[in-house]
Structure formats: C-alpha cells, structure tokens
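Engineer: My questions will all concern the structure given below.
The values are calculated or read from the model by the stated rules, or taken from the named source; none is laboratory data. Quantities reported herein were computed from a predicted structural model and do not represent experimental measurements. Here the Cβ positions follow ideal geometry from the backbone for every residue, glycine too, while neighbour counts run over all protein chains shown. In case anyone asks, the SASA skips ligands and DNA or RNA and just uses the protein heavy atoms, side chains included. Shrake-Rupley method; radii C 1.70, N 1.55, O 1.52, S 1.80 Å.
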2 protein chains.
Amino acid sequence: MRDLPLSKVYQLLEPGPVVLLTTAQKGRTNVMTMSWHMMVEFEPPLVACIVSEANYSHAALRATKECVIAIPARKLATKVVGIGNCSGRDTDKFKKFGLTPRPAVLVAPPLVEECFANLECKLVDTRLANKFNLFILEVVKAWSDPAQKNPKTIHHHGFGSFIVDGEQIKLKSEKP
Amino acid sequence: MRDLPLSKVYQLLEPGPVVLLTTAQKGRTNVMTMSWHMMVEFEPPLVACIVSEANYSHAALRATKECVIAIPARKLATKVVGIGNCSGRDTDKFKKFGLTPRPAVLVAPPLVEECFANLECKLVDTRLANKFNLFILEVVKAWSDPAQKNPKTIHHHGFGSFIVDGEQIKLKSEKP
C-alpha cells in the first residue's frame with residue numbers, strides 16, 4: 001500500500017463507487033457494504049455517509065468514532081454483495097469472505113488489503129445521526145495499492161444489479 | 001415525461017451520476033452541475049447534497065427551499081461541463097447551452113427536458129448548511145423520459161475526466 005495525498009481522495013469517492021466500511025469495537029472487527037456516501041469537502045477530505053441503525057456497524061461507528069472506507073474493484077463484486085447480505089452480529093465477515101485485515105496507522109479499524117484504496121476516517125459530526133443516520137467523516141490518512149492499475153469500480157442500481165466503469169472521456173474543465 | 005414511482009428514485013442517484021440542479025428565484029431560473037450528492041432514505045426519497053456558498057444556486061436554494069435534480073445522459077456531457085464552468089450570476093445557462101426548461105408540478109424550478117430523469121425536490125433540513133453547505137432534500141415528484149432507453153450516466157473524476165457507464169452485471173442479492 002502506498003500513501004495517497006489527501007488532496008486526491010475526492011477523485012475516488014465522487015464517482016459513486018460501492019465501498020466497504022470497516023469498524024472495530026472491543027477487539028472485534030467488522031465490515032459492511034455501503035453505497036450511500038458523498039464528498040463534502042476537498043481537503044482535508046470530508047465525507048458524508050449513511051450507516052443505518054439496522055446495520056451492526058452503526059453502534060461501533062458511533063461509540064469508537066473511527067472507521068475505514070475501503071474501495072473494491074470489480075473482481076471483488078461477489079464478495080461485496082455477500083458482505084451486504086449478512087450481518088456482523090453473527091458472522092466474522094473477514095473470515096467468511098477471505099478478506100485480509102491490515103493495521104491502519106491512525107485508527108483502530110483495519111484496512112482491507114484486497115481493496116485498491118483505503119481511507120482512514122474519524123467521525124467529526126453526528127448532528128444528523130439520530131434523524132437521518134448521517135455521519136460526517138474526516139479522512140485523516142489515505143492509501144492506494146500501486147499493483148492495481150486503473151481499477152474498475154462498481155455502481156449499485158438495486159437488488160444486486162451493478163454498472164461497471166466503462167470508457168473514460170476527457171473534456172476541458174477548470175473545475176477540480 | 002412519464003411519472004416515475006418515488007420508490008425507484010434511489011436507483012437513479014445511488015450509482016453516483018453527475019447531475020444538474022435547477023433553481024428559480026424572483027422569476028429567474030438557473031442550473032448548476034453537481035457531483036456531491038447521496039441517497040439518505042428510500043421512500044419518501046431523501047437526498048443529501050452539497051451546494052457550495054460559492055455557487056450562485058446556494059442563495060436561491062436556501063431562500064426558496066425548492067430545486068429540481070435533473071439527470072443527464074452521456075450525450076449531454078459537454079454541456080454539463082460547460083454549465084459547471086460558468087455562473088448564473090452573469091449567464092442565462094438554459095439559453096447559453098440550449099437546454100429546455102419545462103414547468104415542474106410541485107415546485108417552481110424547471111425540469112430539464114433533455115435529461116432522462118427529473119426529480120422535484122423540497123428542502124427539508126438545513127442544520128448542516130452553515131458548516132458544510134449540506135442540504136437534505138425530499139423528492140416529492142419524479143419523472144423519467146421513456147424515449148431515452150438505458151441511458152448511460154457519467155461519473156466525475158476531477159478536471160473534466162469522466163467515466164461513462166459500462167457493462168451491467170447482476171449478482172444475487174436480497175438488498176434494495
């Protein structure tokens with residue numbers, strides 16, 4: 001894993017990929033699948049996300065105020081769906097899906113080695129957590145895997161239907 | 001334009017497409033390009049978005065508490081970038097980019113006829129507006145254009161670089 005400048009984090013999340021979110025509480029790690037997230041600020045990178053109270057990760061995120069957002073490429077799609085269809089309440093999902101937890105540097109939840117990018121996050125605002133399950137995270141450290149070149153991400157359209165990244169187009173723009 | 005059930009709105013926004021946002025204030029309409037948005041709730045559909053104070057649309061959205069989210073397909077990519085690189089302060093963007101405003105039913109801002117889906121929205125929460133420019137919208141009416149079959153959306157990676165929707169994959173999942 002290679003250091004990724006925080007100024008480039010928005011380029012990973014802005015296009016709307018399905019991601020994984022890891023938490024750790026009382027020595028127990030967990031991972032969930034998440035599609036409801038967005039950038040809030042470029043740098044330091046702020047990210048908003050919805051983690052439903054129905055998700056086992058909700059309590060861990062609120063209590064520990066830390067998580068990792070890991071971004072999977074297409075080859076992990078089947079595991080990503082499997083992770084989204086079971087719960088950490090009764091399943092060690094890292095074990096079940098053969099994912100490798102790796103220590104993060106600034107937070108307790110693990111990175112996911114198989115993902116092409118990992119973002120260590122601290123919870124910075126919970127004012128909308130009760131009403132909307134909405135959390136504001138600050139990305140404090142980011143990693144990318146140089147071995148995964150031009151990874152294609154997946155975008156959820158409901159009930160296991162995904163669109164995979166297609167061709168890239170470049171248009172003249174001054175906007176980041 | 002055909003009625004779209006509100007229960008299907010999340011399938012349009014969850015995958016992270018670049019969208020347009022229209023506003024209307026004192027008889028003047030405007031349209032901006034937006035990539036920072038996410039679903040918050042399935043039904044009634046709630047959407048969070050970031051509309052920077054630097055955007056001319058910010059004041060109109062706050063004052064009128066209404067907007068339309070219009071979703072463009074790939075063929076509009078050049079216009080979408082152009083719209084993002086100028087301001088409603090000094091430009092009639094509907095005119096400049098040859099877009100057709102159409103009356104909405106429940107809000108004052110116009111639909112964009114060329115877009116394959118249009119979502120009429122009311123502003124329902126501004127608690128994070130001052131600190132993060134974050135707005136919570138409720139989609140009160142949704143439209144789709146039956147003439148645009150399987151539209152490919154575009155996903156921004158910064159500075160005019162976009163990934164176009166590629167192939168669709170279907171995996172077994174019980175989750176919406």
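Engineer: Beyond 30 Å between alpha-carbons counts as too far, so tell me which of B:152/B:175; B:141/B:175; A:8/B:8; A:93/A:170; A:172/B:141; A:149/B:96 fall in that bin.
Structural biologist: Working: B:152/B:175 23 Å; B:141/B:175 24 Å; A:8/B:8 32 Å; A:93/A:170 39 Å; A:172/B:141 34 Å; A:149/B:96 39 Å.
The pairs that break the limit, which is 30 Å between Cα atoms, are A:8/B:8; A:93/A:170; A:172/B:141; A:149/B:96.
Engineer: Under the rule of at least 5 residues apart or a separate chain, name every residue whose amide H is placed under 5 Å from the amide H of residue B:154.
Structural biologist: B:18
Engineer: Something else now. With Cβ to Cβ distances under 11 Å as the rule, what net charge do the other residues near residue A:70 carry (K, R +1; D, E -1)? List each step's numbers first, then the result.
Structural biologist: Working: positive: A:102; negative: A:113, A:114, A:120, A:145.
Summing Lys and Arg as +1 and Asp and Glu as -1 gives -3.
Engineer: Just round it to a whole percent: the fraction of Cα-Cα distances in chain B exceeding 23 Å.
Structural biologist: On the way: 5546 of 15400 pairs.
Above the 23 Å cut-off, chain B has 36 percent of its Cα pairs.
Engineer: Ok, one more. Roughly what would the spin-label model give for residue A:3 and residue A:149, points 7 Å off Cα along C-beta, in nm?
Structural biologist: In this crude label model, residue A:3 to residue A:149 measures out at 2.5 nm.
Engineer: If you don't mind, there's one more thing I want to ask. Just to confirm the numbers: residue A:130, label point 7 angstrom along the Cα-Cβ line, distances to the other copies in nm, shortest first?
Structural biologist: The projected label point of residue A:130 is separated from its counterparts by 1.8 nm.
Engineer: Report the gain in length on full extension from residue B:175 to residue B:53: 0.36 nm times residue separation, minus Cα-Cα distance, nm rounded to one decimal.
Structural biologist: On the way: separation 122, 0.36 × 122 = 43.92 nm, distance 3.61 nm.
Stretched out fully, the residue B:175 to residue B:53 stretch lengthens by 40.3 nm.
Engineer: What nm distances, shortest first, do you get from the label point of residue B:44 to those in the other copies when the point sits 7 angstrom along Cα to Cβ?
Structural biologist: 3.7
Engineer: Residues with beta-carbon under 10 Å from that of residue B:129, excluding residue B:129: net charge, scoring Lys, Arg +1 and Asp, Glu -1? Display every interim value, and only then the final one.
Structural biologist: Working: positive: B:62, B:127, B:131; negative: B:53, B:125.
Within the 10 Å Cβ shell, the charges total +1.
Engineer: Right, next: Could you order B:29, A:22, A:91 by accessible surface area, starting with the largest, using a probe radius of 1.4 Å? Display every interim value, and only then the final one.
Structural biologist: Details: B:29 55, A:22 0, A:91 30 Å².
The residues order as B:29, A:91, A:22, largest area first.
Engineer: Taking only Cα atoms of the stretch A:75-176, what ratio of Rg to Rh do you get with Rh as the Kirkwood inverse-distance radius? Before the final figure, lay out each step's value.
Structural biologist: On the way: Rg = 16.5 Å, Rh = 16.6 Å.
That ratio equals 0.99.
Engineer: Follow-up question, since we're still on this one. To the nearest µm²/s, what D does Stokes-Einstein give for the stretch B:1-90 at 20 °C and 1.002 mPa s, using the Kirkwood radius over alpha carbon pairs as Rh?
Structural biologist: 154
Engineer: Ordered by residue, what ³J(HN,Hα) values in Hz, to whole numbers, does the stretch B:49-54 give under the Karplus form 6.51 cos²θ - 1.76 cosθ + 1.60, where θ = phi - 60° and Gly and Pro are x?
Structural biologist: Values per residue, Gly and Pro as x: 8, 9, 10, 4, 4, 6 Hz.
Engineer: With all protein chains present, calculate the accessible area of residue B:144 using a 1.4 Å probe and round the result to the nearest 10 Å².
Structural biologist: Roughly 30 Å² of residue B:144 is accessible to a 1.4 Å probe.
Engineer: Given H placed on each backbone N at 1.01 Å, which residues far from residue A:171 in sequence or on other chains put an amide H within less than 5 Å of it?
Structural biologist: Under 5 Å from the amide H of residue A:171 lie the amide H atoms of B:161, B:162, each far enough along the sequence or on another chain.
Engineer: Do the sum for chain A: with -39,500 (n - 2.57) for every DSSP H run of n ≥ 4, divided by all residues, what is the mean residue ellipticity at 222 nm, to the nearest 500 deg cm²/dmol?
Structural biologist: Working: 5 runs with 28 residues, N = 176.
It lands at -3500 deg cm²/dmol.
Engineer: Something else about it: If you roll a 1.4 angstrom probe over the protein chains with everything in place, what fraction of the accessible area of the stretch A:1-125 belongs to carbon and sulfur, to the nearest %?
Structural biologist: On the way: 2490 of 4870 Å².
Of the solvent-accessible surface of the stretch A:1-125, carbon and sulfur hold 51 percent.
Engineer: So what is the accessible area of the protein assembly as shown per residue, in Å², with the probe set to 1.4 Å? If you can, show how the numbers build up before the last one.
Structural biologist: Numbers: 14830 Å² over 352 residues.
Result: 42 Å² per residue.
Engineer: Hey, another quick one. Summing Lys, Arg as +1 and Asp, Glu as -1, what charge do residues with Cβ under 13 Å from the Cβ of residue A:17 carry, residue A:17 excluded? If you can, show how the numbers build up before the last one.
Structural biologist: Numbers: positive: A:74, A:152; negative: A:14, A:165, B:14, B:165.
Taking every Cβ under 13 Å from that of residue A:17, the sum is -2.
Engineer: Using a 1.4 angstrom probe with every protein chain in place, what is the largest-first accessible-area order of A:96, A:122, B:141, B:95? Display every interim value, and only then the final one.
Structural biologist: Working: A:96 130, A:122 70, B:141 45, B:95 165 Å².
So, going from the largest accessible area down, we get B:95, A:96, A:122, B:141.
Engineer: For residue A:2, place a label point 7 Å out from Cα along the Cα→Cβ vector, do the same in each other copy, and report the separations in nm, one decimal, smallest first.
Structural biologist: 4.8
Engineer: Among chain A residues, which Cβ is nearest the axis of the A-onto-B rotation, and at how many Å?
Structural biologist: Spelled out as residue then distance in Å, it is A:16, 1.
Engineer: Additional query: Averaged over B:10-23, how many beta carbons belonging to a partner chain fall within 10 Å of each residue's beta carbon? Present the calculation step by step, with values, prior to reporting the outcome.
Structural biologist: Working: counts 5, 5, 2, 4, 8, 13, 13, 4, 3, 0, 0, 0, 0, 0.
Taking the mean over all residues of the peptide, I get 4.
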